[in-house]
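Working notes for the structure below.
The values are calculated or read from the model by the stated rules, or taken from the named source; none is laboratory data. Keep in mind it's a predicted model, so treat the numbers as computed, not measured. Here the Cβ positions follow ideal geometry from the backbone for every residue, glycine too, while neighbour counts run over all protein chains shown.
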Amino acid sequence: MRAEEQVLLKLNKLTKNFGGLKAVDVFDLDVASGSITSLIGPNGAGKTTVFNLITGIYRPEAGSIEFDGRELIGRQPHQVAKAGIARTFQTLRLFENLTCFENVLSGQHCRTCSGIISSVLGTSAQRREEAEVRGEAERCLKLVDMWDFRDELARNLPYGYRRRLEIARALATQPHLLVLDEPAGGLNEKESADLMELIQGIRDSGITIFLIEHDMQVVMGISDWVAVMDNGRKISEGTPYDVQHDARVIEAYLGTDDDDDFYSKASAGEEWEGEGRT
């Protein structure tokens, strides 16, 4: 992150252990407001654990997580969402038997205020809130170019559109920070290119993006800043160009300091397995 940029998310000396394994080891990272920041590394490097710490699924043994100047450690996942952080997962978590519109509506539960009584009585406040959440669901589906699929059941969607729907549902929480865990996983080349355009559009709408991704074509194509993990630690960070030329990154991924394969894999967008822990 450049010195002149404003920090939205600050991770300071985060540490998380599972038994004798240090999954995250004194990890520091600043995510700049309005940026697309990527976290990469071999499988088992600790990337998803970092996301789980940010979103309140895990609690660290040490360190701090500051979001927009507020400490997040100790907050439950729904409280983190209400604070302004939305997340998608490696494995899709859609409601398969609900329509696309209903799935996106479900993403707004942390933002609604009407109680059971007002819902049953149909008060003016409840009707106003219902109109607002339906309008927000429409906006989110249009943003990911899925409004025409609003009445389609989630289970009937092609895989690429299922990924988009999960992003739309996350956007329905009206986040300041969108955390994406391998959004290009399983996508073909055309779908990945469309995803890159979508993520850039979301950033341009004012939402900061923090993503984990194995597809180097996606990472290097859209990121403002890239951090690299290996064995629970940050080993490098910088612009995409800086990271591609860092010998420590090449060694972590390929087990060699020869960068020829690194560049060919990055340009081809291959998913690297690396030699990280499982």
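Scanning the stretch 145-164 for residues that are surrounded by fewer than 16 Cβ atoms within 10 Å (Cβ to Cβ) and of a type in the set (Phe, Trp, Tyr) turns up just one, Tyr159.
Within the stretch 32-41, can one find any residue that is more than 18 Å from Thr208 (Cβ to Cβ) and either in the same structural domain as Gly201 (by TED's automatic domain parsing) or small (Gly, Ala, Ser) (or both)?
yes
So which residues in the stretch 87-128 are assigned to a loop (DSSP other than H, G, I, E, B), at pLDDT below 80 and among the hydrophobic types (A, V, I, L, M, F, W, C), if there are any at all?
The answer is Cys113, and nothing else.
Restricting to the stretch 60-79, give me the number of residues that are touching a strand residue (DSSP E or B) at 6+ places or on another chain (Cβ under 8 Å) and on the phi < 0 side of the Ramachandran plot. Selection size over the stretch 60-79: 10. Of the residues making up the stretch 217-231, those that are among the small types (Gly, Ala, Ser) and touching a Ser or Thr at 6+ places or on another chain (Cβ under 8 Å) number 2. Residues that are surrounded by fewer than 22 Cβ atoms within 10 Å (Cβ to Cβ), within 30 Å of Gly20 (Cα to Cα) and at pLDDT 95 or above within the stretch 213-233 comprise just one, Arg233.
Being touching a Phe, Trp or Tyr at 6+ places or on another chain (Cβ under 6 Å) and of a type in the set (A, V, I, L, M, F, W, C) is the requirement here; does Val179 meet it? Taking the combined requirement at face value, the residue satisfies it. At least 2 residues being without any contact (Cβ under 8 Å) to a residue 40 or more places away in the chain and closer than 26 Å to Asp25 by Cα is the threshold, and among the helices (runs of 4 or more DSSP H) wholly inside the stretch 171-247 those reaching it are 240-244.
Would you be able to tell me the number of residues in the stretch 9-28 that are modelled with pLDDT of 95 or more and either among the basic types (Lys, Arg) or at positive phi (or both)? Of the residues in the stretch 9-28, 4 are modelled with pLDDT of 95 or more and either among the basic types (Lys, Arg) or at positive phi (or both). The residues of the stretch 87-107 that are surrounded by fewer than 19 Cβ atoms within 10 Å (Cβ to Cβ) and under 17 Å from Phe210 (Cβ atoms), listed by number, are Phe89, Gln90. Inspect all residues belonging to the stretch 146-157 and state whether any of them is touching a Lys or Arg at 6+ places or on another chain (Cβ under 6 Å) and either under 24 Å from Lys16 (Cβ atoms) or in the same structural domain as Ala23 (by TED's automatic domain parsing) (or both). No, the stretch 146-157 has no match at all. Within the stretch 11-43, can you find the residues that are out of contact with any Pro (no Cβ under 7 Å at 6 or more places or on another chain) and of a type in the set (Ser, Thr, Tyr)? Those that are out of contact with any Pro (no Cβ under 7 Å at 6 or more places or on another chain) and of a type in the set (Ser, Thr, Tyr): Ser33, Ser35, Thr37, Ser38. Any idea which residue in the stretch 123-168 is farthest from Asp204 (Cα to Cα), counting only those that are of a type in the set (A, V, I, L, M) and without any contact (Cβ under 8 Å) to a residue 24 or more places away in the chain? For the stretch 123-168, the residue satisfying everything is Ala125. Is it the case that the stretch 146-155 has a residue that's among the aliphatic types (A, V, I, L, M), at pLDDT 95 or above, touching a Ser or Thr at 6+ places or on another chain (Cβ under 7 Å) and within 24 Å of Arg70 (Cα to Cα)? Looking for residues that are among the aliphatic types (A, V, I, L, M), at pLDDT 95 or above, touching a Ser or Thr at 6+ places or on another chain (Cβ under 7 Å) and within 24 Å of Arg70 (Cα to Cα), one finds none in the stretch 146-155, hence no.
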